[in-house]
Every structure is written in C-alpha cells, then in structure tokens.
Amino acid sequence: MTPRLLVVTDRTQAARPLFETVAAAVAVGARAVLLRDKDLPAAERAALAADLRDLLDPVGGLLVWGGAAGAPAGLPVHLSAADPFPDARPPLVGRSCHSAAELARAAAEGCDWVTLSPFAATDSKPGYGPALGPAGLAGHLAARGPGAPPVLALGGVRPGDVAGCLAAGASGVAVMGPAMRDPAVVADYCAALAAA
C-alpha cells in the first residue's frame, strides 16, 4: 500500500500531546502515519507505536516506523537518505530523497515509495533546500527510469499545492508541520487529493 497522504510526526511542533494530535488527524481522514520522533527513548517510542497501531488498525490505516533501528517486527519503515537498507527486508520500505542520485538508489533497492524534498520553503526545516517547486519536482520525476517507486512530495506542501504536485508526477504528498500544528488541516489535504 503506497499512501497518497503521509502524515509525519514531530511532537515538538504538535499543539497537543502527539497521540492526541495524530488521533485528530486520523479523525479527519489521515490513513498513513510516519512515526518520526527518533529521539524518544526506545521503550517510549515502541509504546507510542503500539498505541498508534491500535488507532490506525480499525480504519485500515498504515503506521510506518521512521528509520530501521528498533523497528517492531512486521512494521513498515521509512529510511533517511543516509540509512543503510535493512538486511532483513521489512514488509514495506520508504526512503527520503533529495536528489536524482538518491531517487535512483531507492529504485535500485526496491523501495516501495520515496519522499522527495523540499518542495517549498518549510517552517519545519528553514534553510533546507533549495526548494524544488513544481518545475524542479517535475524535472526530477521525469528523469526516473522504469520501475521507479512512487514519489510523495514533502517539505512546505500546502493543500493548494497538491494538484501541482500530482501534475508534476508525484503520487501524493507527505506533511509534517501543518498537520502537527493543526491536525484539522488534514481534511483539506484529503479533499485536494480526492479532487485532483
């Protein structure tokens, strides 16, 4: 299952406790959540993952573990650009990419999806870039070879950008800051994806 909307967690930006924030996002349509927050103590992060799985399972949702280290058995993972590919392949694997070379690597590894960032300037990672914009996103995606994994545009993507991201060749979007600060906005992303 490749998500069209991937909500990425960051408790430092969340207006409420992280579980409550994710629950609010799920209530308005989020069905795929990437548990990032890699700085949490291992036991606390594993317990949070179990709680989030319990939240997502009844709605047919997908929980993804950020990184491969410490991933609970059977849970999909999303690797950073620098992470080595796990020796034992998880059921689904995503990877963060920022260049054509990283996209090619993810395709060669057999990743199930990738994020490509930054689409635009982002409050979450100021100064990270340069921003791709629709033209840069389209250029990166046009250069991919056959069998390349689906791409989720990430970084500064607003609901009004969704149609442009899809027109550029992305299969969906990933969102962190806006969804953490106001999970109700997830409904706007879902509506934009449904309309595009």
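The values are calculated or read from the model by the stated rules, or taken from the named source; none is laboratory data. Here the structure is a predicted model, which is why all the values come from computation and not from measurement. Neighbour counts run over all protein chains shown; Cβ positions are idealised from the backbone, glycine included. Note: accessible area is taken over every heavy atom of the protein model, side chains too, but ligands, DNA and RNA are not part of it. Shrake-Rupley method; radii C 1.70, N 1.55, O 1.52, S 1.80 Å.
If a residue must be out of contact with any helix residue (DSSP H, G or I) (no Cβ under 6 Å at 6 or more places or on another chain) and either closer than 12 Å to T115 by Cβ or in contact (Cβ under 8 Å) with a residue 60 or more places away in the chain (or both), how many such residues does region 152-174 contain? Steps first, answer last, please.
Restricting attention to region 152-174, the residues satisfying the condition of being out of contact with any helix residue (DSSP H, G or I) (no Cβ under 6 Å at 6 or more places or on another chain) are 152, 154-158, 160-161, 163, 165-167, 170-172, 174.
Those left that are additionally either closer than 12 Å to T115 by Cβ or in contact (Cβ under 8 Å) with a residue 60 or more places away in the chain (or both): 152, 154-155, 157, 165, 170-172, 174.
Qualifying residue count, region 152-174: 9.
Filter region 151-196 down to the residues that are in a helix (DSSP H, G or I) and charged (D, E, K, R), then identify the one that is surrounded by the fewest Cβ atoms within 10 Å (Cβ to Cβ). Even if it seems obvious, please write down each step before you answer.
Let us first name the residues in region 151-196 that are in a helix (DSSP H, G or I), namely 159-167, 177-181, 183-195.
Subset that is charged (D, E, K, R): 161, 181, 188.
Values: D161: 21, R181: 15, D188: 17.
This residue is R181.
I'm trying to understand the selection: among the residues of region 57-70, which are within 17 Å of the chain's Cα centre (by Cα) and modelled with pLDDT under 95?
Answer for region 57-70, where residues must be within 17 Å of the chain's Cα centre (by Cα) and modelled with pLDDT under 95: just A68.
Would you pick out the residues in region 5-30 that are in contact (Cβ under 8 Å) with a residue 24 or more places away in the chain, out of contact with any Cys (no Cβ under 9 Å at 6 or more places or on another chain) and not small (G, A, S)?
Matches in region 5-30: L6, V7, V8, T9, D10, R11, Q13, L18, F19, T21, V22, V26.
From the list L56, L137, which residue is farther than 19 Å from S171 by Cβ, in contact with a helix residue (DSSP H, G or I) (Cβ under 7 Å, 6 or more places away or on another chain) and open to solvent by less than 50 Å² (accessible area, probe 1.4 Å)? Steps first, please.
Details: L137 fails: farther than 19 Å from S171 by Cβ.
So the residue among L56, L137 that is farther than 19 Å from S171 by Cβ, in contact with a helix residue (DSSP H, G or I) (Cβ under 7 Å, 6 or more places away or on another chain) and open to solvent by less than 50 Å² (accessible area, probe 1.4 Å) is L56.
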